[in-house]
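Asks: Once you've had a glance at the structure underneath, I'll fire off some questions.
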Amino acid sequence: MIEKREFYINGQWVAPSAARDFEVIDPSTEEPCAVISLGDQADTDAAVAAAKAALPGWMATPAADRIALVEKLVDIYQNRAEDLAKAMSTEMGAPIDMARSQQVGAGIWHLKNFVSAAKDFEFDRPLGDHAPNDRIIHEAVGVAALITPWNWPMNQITLKVGAAAVAGCTMVLKPSEQSPLNAMIFAEMMDEAGFPAGVFNLVNGDGAGVGSQLSSHPDVDMVSFTGSTRAGTAISKSAADTLKKVHLELGGKGANVIFADADDQAVKRGVLHMMNNTGQSCNAPSRMLVQREIYDQAVETATAVAQKVSVGNAHEEGRHIGPVVNETQWNKIQDLIQKGIDEGARLVAGGTGRPEGFNKGYYVKPTVFADVTNQMTIAREEIFGPVLSIIPFDTEEEAIEIANDTPYGLTDYVQTQDSARANRLARVLRAGMVEMNGTSRAAGSPFGGMKQSGNGREGGIYGIEDFLEVKAVSGWTPA
């Protein structure tokens, strides 16, 4: 049993103010793999005080020096990659090969992109040629509370910490209590990189405890949160009393619009994207909208692809999907699969219960529903499991109407060889991101949504800007 009860506050590992043990469960086995502490108000206050005390010095540190520390962190991160992979595989169920390539890889990708973006960023610049004595200064928001989820731990931690660090913010990280071990390794890395005491702090806790304490804390200037829409709403209300800046990256119910002229791999690509990370991605293409001319063939293809997706223990190497993170999520997914059956969707792959050969562990059958209407529960709610809904459409206008008929607006996908149509859809789909024909977004592309998928953007220059205030100065004397 791994014991990690301490918090990282003001450059030191310190004991919690009160004993509140919490067992971390390995979802592959349903057995405890570690014990951590959940913080209380005294721990939160200590971390925030450390961040507040460190803020003036960190803000005054030249941007080049802040960037250099992030570059040092990149080197350390690469040296600790296997430790991070094993931690995430154990605590949240990412298969070890996927943890090494995607879970760990996402973090190094973001840190490197922040270094590149920050080097070209003008933190201090003239307003314009028309106003030589006016200056625009980009200044750190201040003390930032970073609240991150369990599903892509390093992806979200690096998106927040990397941006906050180069922007000059000090921070308190509260990782998910479901997947805290990778975050504690990351804190060791921040310490090794030599970030000044108080710039980065970590307190473990749950949402109702440390999460709420941070979002309402009078000395916290900003909350950057990734998680459920329900929790994002609660954080917004909690932060309102002190008028904090609030950045929310929330849920999604992405539409993957497949036209009759889509390439031959479009359906397969969509199914595999949906099943990746066991469906536990906010940007998963969970609603597959298929034009009527190819609908029957698409259902047949999707069924065959899903039936070939293997499920296995996260500790075993190979190209399989692992368990979902915990019993609560497993039960929720089972209930929603049953709801799909009860509401009349046609189950063509998977279903309720564990996959064959498993009697323990939070494993879910890769599941596909056909003949779904957009009013069914499985088309409205974020399932956060390996469950795909296929919806037919006839015309481009109908596809747009169905795609936009959701409270969410994170990522939509378009599959067509008609470039003019693809561009039309990109303009009218109400989502923060649109990916076309399997083309991934490039380095520095902003990640974020609209509607109930949240606000703000993460990654590259856009992510750095979210941790900055804009200060307008007149009467500046040019050097």
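A short reminder: the numbers here are calculations on the coordinates, not readings from a lab. The shown structure was predicted, so the numbers you read here are calculated from the model rather than taken from an experiment. As a convention, Cβ positions derive from the backbone with ideal geometry for all residues, glycine included, and neighbour counts pool all protein chains shown.
Asks: If I model a spin label as a point 7 Å beyond the Cα along the Cα-Cβ vector, how far apart are those points for residue 304 and residue 14 in nm?
Replies: 6.1 nm
Asks: Moving on. Mind jotting down the distance between the C-alpha centroids of the range 340-386 and the range 100-167, whole Å?
Replies: Centre-to-centre (Cα) distance: 38 Å.
Asks: For the range 255-443, max minus min Cα coordinate along each principal axis, in Å, sorted largest first?
Replies: If we take the Cα atoms of the range 255-443, the spans are 50, 39, 29 Å.
Asks: Taking the mean number of other Cβ atoms within 10 Å as a proxy for protection, how do you rank 187-197, 261-271 from highest to lowest?
Replies: Highest-to-lowest ranking by the protection proxy: 261-271, 187-197.
Asks: I would also like to ask the following. I need the calculated FRET efficiency for the pair residue 1 and residue 471, taking r as the beta carbon distance and R₀ as 56 Å, to the nearest 0.05.
Replies: That pair, residue 1 with residue 471, gives E of 0.65.
Asks: A further question follows. Counting other C-beta atoms within 10 Å, which of 244, 52 has the fewest, and how do the rest follow?
Replies: In order of increasing Cβ crowding within 10 Å: 52, 244.
Asks: How large is the charge dipole for the chain, taken about the Cα centre, if only the Cβ atoms of Lys, Arg (+1) and Asp, Glu (-1) carry charge, to the nearest 20 debye?
Replies: 300 debye
Asks: Here's another thing I want to ask about it. How would 160, 339 line up from fewest to most surrounding beta-carbon atoms within 10 angstrom?
Replies: So the residues, fewest neighbours to most, are 339, 160.
Asks: Here's another thing I want to ask about it. Assuming R0 = 41 Å, can you tell me the calculated FRET efficiency for the pair residue 276 and residue 240, based on Cβ-Cβ distance, to the nearest 0.05?
Replies: E(calc), rounded to 0.05, equals 0.70.
Asks: Separation of the range 182-260 and the range 281-327 by C-alpha centroid, Å?
Replies: Taking the Cα centre of each part, the range 182-260 and the range 281-327 sit 29 Å apart.
Asks: Which lysines have a Cα lying under 23 Å from the Cα of residue 451, excluding residues fewer than 8 positions away in the same chain?
Replies: 160, 237, 244, 245, 253
Asks: Within a 10 angstrom radius of the beta carbon, how do 157, 402, 2 rank from fewest other beta carbons to most?
Replies: Ascending Cβ contact count within 10 Å gives the list 2, 402, 157.
Asks: Right, next: I'm spelling it out carefully: the read-out is percent of Cα pairs over 35 Å apart, the candidates are (i) 50; (ii) 30; (iii) 33, and one was derived from this structure. Which label?
Replies: Step by step, percent of Cα pairs over 35 Å apart for this structure corresponds to label (iii).
Asks: Run the dipole for the range 243-364 about the Cα centre, Lys and Arg Cβ at +1, Asp and Glu Cβ at -1, nothing else charged, and hand back the magnitude in debye, nearest 20.
Replies: Charge dipole of the range 243-364: 460 debye, to the nearest 20.
Asks: Over the chain, calculate the relative contact order: mean separation of alpha carbon pairs under 8 Å at least 6 apart, over the residue count, as a percent.
Replies: Value for the chain: 19 percent.
Asks: Another one. Tell me, what is the percent relative contact order of the range 255-443, built from C-alpha pairs under 8 Å that lie six or more residues apart?
Replies: About 28 percent, as a whole number.
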